[in-house]
Amino acid sequence: MRYPDGGGLTAKQRAQREQVRFEAAELFMQGVTPPQVARRLRVSRKSAYAWHARWRAGGLEALRSKGASGQPSRMKPGWRAWLAAELEKGPAAHGWVEDQRWTLARISTVIARRFHVRFSPAQTWRILHQMGWTVQVPVRRAAERDDDAVTGWIRETWPRVERR
């Protein structure tokens with residue numbers, strides 16, 4: 001399947017998908033069947049048949065992108081820049097001193113305190129994902145880590161374990 005992400009696309013990604021649909025329309029105009037289009041463009045046959053039906057009913061305009069689906073996010077672009085700066089400060093700067101981990105609930109609370117808009121944990125995760133943040137990735141390695149011991153283990157012990 002060509003589109004494994006299942007949606008949540010940027011404008012650039014929507015334009016790329018639209019271009020694939022336009023390529024399909026060109027192939028339909030040449031008399032290529034939907035299964036052949038699916039193989040050539042590496043899309044599902046279901047998509048190819050749906051595009052073919054839309055193309056027959058409305059031509060090339062029927063395959064044009066309709067834009068982002070759903071309601072526009074209440075999280076404004078300017079807020080995202082502010083949020084990124086606040087996340088860099090850490091949870092202690094916002095009153096959570098017991099540990100230094102950001103949770104979705106904490107981030108949602110920080111947004112709500114500032115902008116008076118409450119986001120669900122799922123929506124908060126989507127916002128962070130769109131901003132390029134990942135799930136709890138440590139910034140530093142453990143202080144106790146011994147790189148020489150790790151290298152020795154990989155060279156000597158791992159091959160013996162792998163053979164079993």
Residue by residue through segment 113-136, note down the ones that are open to solvent by 80 Å² or more (accessible area, probe 1.4 Å) and assigned to a loop (DSSP other than H, G, I, E, B). His116, Arg118, Trp133, Thr134, Val135, Gln136
In this structure, does Arg145 turn out to be in a loop (DSSP other than H, G, I, E, B), on the phi < 0 side of the Ramachandran plot and either free of Cβ contacts under 8 Å to residues at least 24 places away in the same chain or of a type in the set (S, T, N, Q) (or both)? yes
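The values are calculated or read from the model by the stated rules, or taken from the named source; none is laboratory data. Computed from a predicted model, the values in this text were never measured in an experiment. No Cβ is skipped: glycine too gets one built from the backbone with ideal geometry, and neighbour counts run over all protein chains shown. These area figures cover heavy atoms from the full protein model, side chains too; ligands, DNA and RNA do not enter into them. Shrake-Rupley method; radii C 1.70, N 1.55, O 1.52, S 1.80 Å.
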